[in-house]
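The structure appears below as structure tokens.
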Amino acid sequence: MITCADIFWKNDTPYSTGFDDFYFNTEQSHEDSLYVYVNANQIPARISSKQKLLTIAETGFGTGLNFLLTAQQWLNKSSNRQQLHFISVEKQPLSHKDLKRALHQWKDFEPLSSKLLNQYPLACQGFHRLSFPDERITLTLIFGDALDSYKQLEASIDAWYLDGFSPSKNPDMWSPELFREIARLSKPGTTFSTFTSAGIVRRGLKAVGFEVKKQPGFGKKREMCLGTFIKNNAPQVDTKPWFSIPKPEQPTEVTIIGGGLSGCSSAYSLAQRGIKVRLIEKEQHLATAGSGNRQGALYAKLPVSPTKQGELHLTGFLHTVNLLKRKDPEQSFWSQCGVAQLATKENEKIRQQELIDNDHYPDSLVQHKSDIELSEISGSVVSSSGLFFPTAGWVSPVDFCRLLAAHPNISIEQHDITNIEQVDHLWNLTTINSKHLHCSHLIICNAELANQFKQTEHLPLKAIRGQVSITEDSADLPQLRTVVCGEGYISPAQGGKYCFGATFDLKGKQRDVTQYDHNRNLEKLKDALPEFHNALIGKNELLTGRTAFRCSTPDYMPVVGPAPIYSDFVETFGRLRKDKNWRFDGCTANHHPNLYLNTGHGSKGLITCPISAELLASMICNEPLPLPKTLIDAVNPARFIIKNLIRRAI
Ligand code: SAM
């Protein structure tokens, strides 16, 4: 659980009651921070040196002053071909209100400070990726303890701003374990600076491989310290080499197979980085399969206690909402109308009560409401109490796909690819009409068809049939104001029609819409919204519908990352069959060069595709990764081979 900082304002300077200290110098905040962090790390010179990607990491985001000062230098000195990636951790984020007050006083940071406020995440633990494409800046803001957060980061840092309250007031943060993580994320030439010259910090950084110097501090402060990384004195052993990620040169062009949410968001994330994308779809239009429904609910079903799936869904949900807010602020094809998740069954009531009692999520994300309150909020009588997600809503996935693909760097081509082969460092794609296409980098995003190629046939992908029902009109029906989920879901009317469903059919293969499935959808609707159901009855013969297949995996996590070479993995890690704890120092796993996967999103594509696309694009471009290591491993395509070896199933 993340708790927002308890702030006391002395004029315009925030004071932390928890740490008993000011966030920054009360008189010369800008000059002090520029001296201690930006200039001590030679950031202006590094920007001018035309380094393509500059990566800075900080401990303690606070008000974002260091971030904004760095961005100001960046905007003055960088060229169009350069990117800044700023990473910061924060254990006790400022509330949105406090951040607004802090930023309000610094007019010279506009318009970036307003954009930061717009994207500032809800106080949820974990990784949050904020994008400022006009400024060529990415901010990965991690809410959590510095050590826990940096343990989970995959990045190569150029400069460290070691802020955070002083070691005497905040001894827990300045630990040898944190210094070891800082060293793991550094390379020869990485610099650091910090306002403190405490012995524990100097010795700690020296012990892990930094050359440490002192220099006069700013203003009345006697000393500060700074330094350069020479070499890691405590080399880390990779304990799970099967999850290692290749580090390629950034490509200029990438080809993607599949024009649904996964393919379109992968294309968008790469196009944003200046990469030309050829997006291949076998149908005439984008989003004709699993991403083709009229409306999809945009929310994350939260677990009572943290799970990897819950963490991915929450991170992905916040990421998609942020993306939609930036790309379609008028909400022309989506709506942040809120989602009511009803507890129609007794065990769900108990689960929801536990979730609220655990207090793991902020009120701004989820609140408990009675049936009367939810009826009032949603616009029709609901059958039970439940959870309400005020920032959630619905999206038209088809329009979302179109918007993502409408980028000058993306070209769309219609082909049905039947075979892929690597020849002379290029991927040779064969179409159903025996045409050949070539590319250096390839991403497979075609849902359950992703294992039709021999390189990927080992992937255990399943197609799960789902049917939604659509009303002829919405005129005589209660006007829903929010999405309502029970065993199924229904969104507010779009284009004068309601869309509700969906069935979940593990074995179904039928593409036709059936009355049997309409009846199942109506049953679920009746359990959740009896008044609405009553009004609809008698009209149900007018229902139309749509079936689609969701691509699912045995662990219900998507498949995102480099494509492993099956036979190499089985051979290299075969000893796991005998000893699941065996550690393979020095062994590396082989992947098909420049071949990636983004599939298996089930019915959660709206919340998992954009963040997965960002993960892939960051991998392909060798940038800091937007998810914690545990989640990156949990979606790694090689996990099925490793699990099967341990279970001796192969
Ligand atoms: N860099 C900030 C700025 O530009 O406004 C000022 C940072 S303030 C001096 C120190 C920050 O470190 C506070 O926001 C505090 O909550 C954060 N902090 C303290 N201990 C931490 C920890 N263990 N992990 C992450 N953040 C921590």
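The values are calculated or read from the model by the stated rules, or taken from the named source; none is laboratory data. All figures in this text were calculated on a predicted structure; none of them were measured in a lab. Glycine also receives a Cβ, built like all others from the backbone with ideal geometry; neighbour counts cover every protein chain displayed. Remember, those area values only see protein heavy atoms, side chains included, never the ligands or the DNA or RNA. Shrake-Rupley method; radii C 1.70, N 1.55, O 1.52, S 1.80 Å.
Considering each of Arg577, Arg546 in turn, give the residue that is in contact with a Lys or Arg (Cβ under 7 Å, 6 or more places away or on another chain), open to solvent by 20 Å² or more (accessible area, probe 1.4 Å), of a type in the set (Lys, Arg) and in contact (Cβ under 8 Å) with a residue 60 or more places away in the chain.
Arg577 is the lone residue from the list that is in contact with a Lys or Arg (Cβ under 7 Å, 6 or more places away or on another chain), open to solvent by 20 Å² or more (accessible area, probe 1.4 Å), of a type in the set (Lys, Arg) and in contact (Cβ under 8 Å) with a residue 60 or more places away in the chain.
Since Thr55 meets every condition but one in (1) over 23 Å from the mean Cα position of the chain (by Cα); (2) more than 16 Å from the ligand (Cβ to nearest atom); (3) under 24 Å from Asn622 (Cβ atoms), which condition does it not meet?
For Thr55, the exception is condition (1).
Residue under question is Phe127, and the condition is that it be within 16 Å of the ligand (Cβ to nearest atom), over 15 Å from Asn322 (Cβ atoms) and among the aromatic types (Phe, Trp, Tyr); does it hold?
no
For a quick check of your reading of the model, give me the residue pairs whose first member lies in segment 79-99 and is closer than 28 Å to Asp172 by Cα, whose second is more than 12 Å from the ligand (Cβ to nearest atom) and assigned to a helix (DSSP H, G or I), with beta-carbon atoms closer than 7 Å and at least 6 apart or on different chains.
As it stands, the answer is Leu99/Leu117, since those pairs meet every condition given.
Are any of the residues in segment 360-377 more than 29 Å from Asp517 (Cα to Cα) and modelled with pLDDT under 95?
yes
Since Arg465 meets every condition but one in (1) of a type in the set (Lys, Arg); (2) open to solvent by 10 Å² or more (accessible area, probe 1.4 Å); (3) farther than 21 Å from Leu286 by Cβ, which condition does it not meet?
(2)
Name the residue, out of Ile490, Ile537, that is in contact with a helix residue (DSSP H, G or I) (Cβ under 9 Å, 6 or more places away or on another chain), without any contact (Cβ under 8 Å) to a residue 60 or more places away in the chain and within 22 Å of Val395 (Cβ to Cβ).
The unique qualifying residue is Ile490.
May I ask you to say which residue of Leu631, Leu616 is in a helix (DSSP H, G or I), closer than 25 Å to Leu318 by Cα, among the aliphatic types (A, V, I, L, M) and touching a strand residue (DSSP E or B) at 6+ places or on another chain (Cβ under 6 Å)?
After applying the criteria, what remains is Leu616.
Quick check on segment 1-13: of everything there that is open to solvent by less than 20 Å² (accessible area, probe 1.4 Å) and within 30 Å of the chain's Cα centre (by Cα), which residue is nearest to the ligand (Cβ to nearest atom)?
So the residue we want is Ala5.
Considering segment 294-339 alone, what residues qualify as being acidic (Asp, Glu) and part of a helix (DSSP H, G or I)?
Glu311, the sole residue that qualifies.
Restricting to segment 362-376, and then to whatever is more than 23 Å from the chain's Cα centre (by Cα) and of a type in the set (D, E, K, R), can you tell me which residue is nearest to Leu94 (Cα to Cα)?
Within segment 362-376, the match that is nearest to Leu94 (Cα to Cα) is Lys369.
Gln479 is checked against (1) farther than 24 Å from Val395 by Cβ; (2) surrounded by fewer than 19 Cβ atoms within 10 Å (Cβ to Cβ); (3) at pLDDT 95 or above and fails just one. What number does that condition carry?
With respect to (1) farther than 24 Å from Val395 by Cβ; (2) surrounded by fewer than 19 Cβ atoms within 10 Å (Cβ to Cβ); (3) at pLDDT 95 or above, Gln479 is out only on (1).
Only one of (1) in contact with a Cys (Cβ under 6 Å, 6 or more places away or on another chain); (2) closer than 25 Å to Leu324 by Cα is not met by Trp427, so which one is it?
That leaves (2) as the condition not met.
Quick grid of which residues meet (1) within 20 Å of Asp32 (Cα to Cα); (2) surrounded by fewer than 18 Cβ atoms within 10 Å (Cβ to Cβ); (3) of a type in the set (Lys, Arg); (4) without any contact (Cβ under 8 Å) to a residue 24 or more places away in the chain:
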site: Ala159; (1), (2), (3), (4): yes, no, no, no
site: Ser175; (1), (2), (3), (4): no, yes, no, no
site: Thr196; (1), (2), (3), (4): yes, no, no, no
site: Glu211; (1), (2), (3), (4): no, yes, no, yes
site: Gly217; (1), (2), (3), (4): yes, yes, no, no
site: Val254; (1), (2), (3), (4): no, no, no, no
site: Gly258; (1), (2), (3), (4): no, no, no, no
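Within segment 157-177, is even one residue within 30 Å of Asn409 (Cβ to Cβ) and acidic (Asp, Glu)?
So far as segment 157-177 goes, yes, one or more of its residues are within 30 Å of Asn409 (Cβ to Cβ) and acidic (Asp, Glu).
If I ask for residues that are outside any helix (DSSP H, G or I), open to solvent by 50 Å² or more (accessible area, probe 1.4 Å) and among the aliphatic types (A, V, I, L, M), which ones from segment 394-419 would you list?
Ala406, Ile412
Within segment 142-234, which strands (runs of 3 or more DSSP E) (wholly inside it) include 3 or more residues that are touching a Leu at 6+ places or on another chain (Cβ under 8 Å) and within 15 Å of the ligand (Cβ to nearest atom)?
Once the strands (runs of 3 or more DSSP E) in segment 142-234 are filtered for at least 3 residues that are touching a Leu at 6+ places or on another chain (Cβ under 8 Å) and within 15 Å of the ligand (Cβ to nearest atom), what remains is 191-194.
When the residues of segment 556-571 are filtered to those that are touching a residue at least 60 places away in the same chain (Cβ under 8 Å) and outside any strand (DSSP E or B), which remaining residue is farthest from Pro248 (Cα to Cα)?
It comes out as Tyr556.
Could you check, for segment 532-553, whether at least one of its residues is within 20 Å of Phe243 (Cα to Cα) and not in a helix (DSSP H, G or I)?
Within segment 532-553, one or more residues are within 20 Å of Phe243 (Cα to Cα) and not in a helix (DSSP H, G or I).
Take the residues in segment 68-92 that are more than 21 Å from the chain's Cα centre (by Cα) and open to solvent by less than 10 Å² (accessible area, probe 1.4 Å), then tell me which one is farthest from the ligand (Cβ to nearest atom).
Within segment 68-92, the match that is farthest from the ligand (Cβ to nearest atom) is Gln82.
Find all pairs meeting these conditions: Cβ atoms under 6 angstrom apart; at least six residues apart or on different chains; first residue within segment 130-155 and of a type in the set (Lys, Arg); second residue in a helix (DSSP H, G or I).
Qualifying pairs under 6 Å: Lys151/Glu181.
I need the full set of residues from segment 420-435 which are under 18 Å from Ala563 (Cβ atoms), assigned to a strand (DSSP E or B) and either polar (S, T, N, Q) or open to solvent by 30 Å² or more (accessible area, probe 1.4 Å) (or both), in order please.
Matches in segment 420-435: Glu421, Gln422, Val423, Leu426, Asn428, Thr430.
Note down all Cβ pairs under 9 Å where the first residue falls in segment 53-69 and is within 22 Å of Glu177 (Cβ to Cβ) and of a type in the set (S, T, N, Q), the second is in a loop (DSSP other than H, G, I, E, B) and near the ligand (Cβ under 8 Å from one of its atoms), and they're at least six residues apart or on different chains.
Partner pairs satisfying both residue conditions: Thr59/Asp163; Thr59/Gly164; Thr59/Met173.
In segment 18-33, what residues are within 11 Å of the ligand (Cβ to nearest atom), closer than 20 Å to Met173 by Cα and part of a loop (DSSP other than H, G, I, E, B)?
Gly18, Phe19, Tyr23, Phe24, listed by residue number.
Is there any pair linking a residue in segment 304-330 that is surrounded by 22 or more Cβ atoms within 10 Å (Cβ to Cβ) to one that is among the polar types (S, T, N, Q) and assigned to a helix (DSSP H, G or I), with Cβ under 7 Å and at least six apart or on different chains, and which?
Close Cβ pairs satisfying both conditions: Leu312/Thr608; Gly316/Thr608.
If I filter segment 99-116 for residues that are of a type in the set (Lys, Arg) and more than 15 Å from the ligand (Cβ to nearest atom), do I get at least one hit?
Taking every residue of segment 99-116 in turn, at least one turns out to be of a type in the set (Lys, Arg) and more than 15 Å from the ligand (Cβ to nearest atom).
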